[in-house]
1. Which pairs, out of A:LYS60/A:LYS149; A:LYS42/A:LYS200; B:LYS46/B:LYS101, put more than 24 Å between their alpha-carbon atoms?
2. Just to confirm my numbers, what's the Cα centroid distance between region A:221-267 and region A:1-23 in Å?
3. Taking the number of other C-beta atoms within 10 Å as the exposure measure, put A:HIS77, A:HIS68 in order starting with the fewest.
4. Relative contact order of region B:45-114, please, whole-number percent, based on alpha carbon pairs below 8 angstrom and at least 6 residues apart.
5. Averaged across the residues of B:31-38, what count of C-beta atoms belonging to other chains lies within 10 Å of each residue's C-beta?
6. As a check on your grasp of the helix formula, calculate [θ] at 222 nm for chain A: sum -39500 (n - 2.57) over DSSP H runs of n ≥ 4, divide by the residue count, round to the nearest 500.
7. What order do you get for A:143-149, A:58-64, A:229-235, A:215-221 when each peptide is scored by the mean count of other beta carbon atoms within 10 Å, highest first?
8. Divide by every residue of chain B the summed helix terms, -39500 (n - 2.57) for each DSSP H run of at least 4, and state the resulting mean residue ellipticity at 222 nm, rounded to the nearest 500 deg cm²/dmol.
Amino acid sequence: MEDSRRRFLKIAGIAALGMGTAPVIDAVAASGGHGAAPHMRKGDDALTAKQWGLVIDTTKLDHEKVEHIIEACHSTHNVPNISAAKVGQKVATRHEIKWIWETHYHNAFTDLRPQYLSEDVEERPFLVLCNHCEEPPCVQACPTQATFKRPDGIVLMDFHRCIGCRFCMAACPYGSRSFNLRDPRPFIEKTNLAFPTRTKGVVEKCNFCAERLAVGQPPACVEASEGAMVFGDLEDPHSEIREVLREHYTIRRKVSLGTGPAVYYII
Amino acid sequence: MNDKGKIIAGIIIFFVVATFPFWFNMFVEKTPAPELVLTAKAQAAKVCVRDTAFMKANHMQLLDEWRDTVVRKAERIYVNAEGKEFNMSLSNTCLDCHSNKAEFCDRCHQYASIEPYCWDCHIDNPKETK
């Protein structure tokens, strides 16, 4: 009896010692590699900001320029053109995918409608896109955190995580989001091989050209606008965009909703 | 108990059916493991982002980590243990060397009966389609 208790305690003691040393051995084993451990980092040319923003000078844009800008964006990001010619008008309207598009003043600024609008503004094309809000309602609505706000202010979609529930589309007051009701690939006229397409069942929207900013390039629309659009850090008082905002009177879409849109319009 | 025979027979039948995959494989000729074809570019590079054994066993975890880091952390450069840098991109980096997806990726995936849905969105062959 005495003997077996003694044995039991011995074994228990050794076992406890063994368990105690396991983490130490692991740590030593992990530290003794050759070379530095692999790691990941941002590119050297990556542009950074606290809140990216955009100013669109609508006085400098006409239908032709607007179309050119839309084309630049949509061809860069493999946005399908689900045209009425291919699927019929009714389906084309329902299945339309758009990242940036043209609209009228009274559609863009529903809460800023004077009774009698100047003819010039009434006929002017307005470019609208995701506003990359300071307080994005789509991010709050997303149940999988597929849509999230980056530290630089971009409201980005992780298509890998999107389950296609479309809560974000209901939450967005700007209609900036489109749903892929069908496989978009047959409708992409010229595929940009450097950028992925989307698949049936995910929502998509403007990404403020996160992939271009990562390599030091401005957004495709800004590049194509030839000076009519200014992109920059809204929280940097010395940035070009703040300079433009100081010099011009600007308006934003549906400010009263409290979303804090980051796209400004010079009227 | 008079059902002894039936019970034993039942147990034997169950045992034979349950172990079917094991003995079936012992008698049937095995499907040969697929042969990987390396492109000239991949051969010239000699090593992938990590060593071959790691890539064979863990490329899916690596790609998973890459996609999360690129999309969610906005970090796009991968620095391996040798200090070499890579743009973390399936279509633009992996398939730049392994531009023979059918012979490199698909063969093995088919053998292992795996259907990754990467290609639903990611364009499978940047170099050769256009």
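Bear in mind these aren't lab numbers, they're just calculated from the coordinates by the rules spelled out. Here the structure is a predicted model, which is why all the values come from computation and not from measurement. With ideal geometry, Cβ positions are generated from the backbone for all residues, glycine too; neighbour counts draw on all protein chains shown.
1. Those over the limit are A:LYS60/A:LYS149; A:LYS42/A:LYS200.
2. If you average the Cα positions of each part, the centres end up 71 Å apart.
3. Working: A:HIS77 22, A:HIS68 14.
Ordered from fewest to most neighbouring Cβ atoms within 10 Å, A:HIS77, A:HIS68 come out as A:HIS68, A:HIS77.
4. 18 percent
5. 0
6. About -9500 deg cm²/dmol.
7. Numbers: A:143-149: 16.1, A:58-64: 14.0, A:229-235: 20.9, A:215-221: 18.1.
Most protected by this proxy first, the peptides run A:229-235, A:215-221, A:143-149, A:58-64.
8. One gets -13500 deg cm²/dmol as the mean residue ellipticity at 222 nm.
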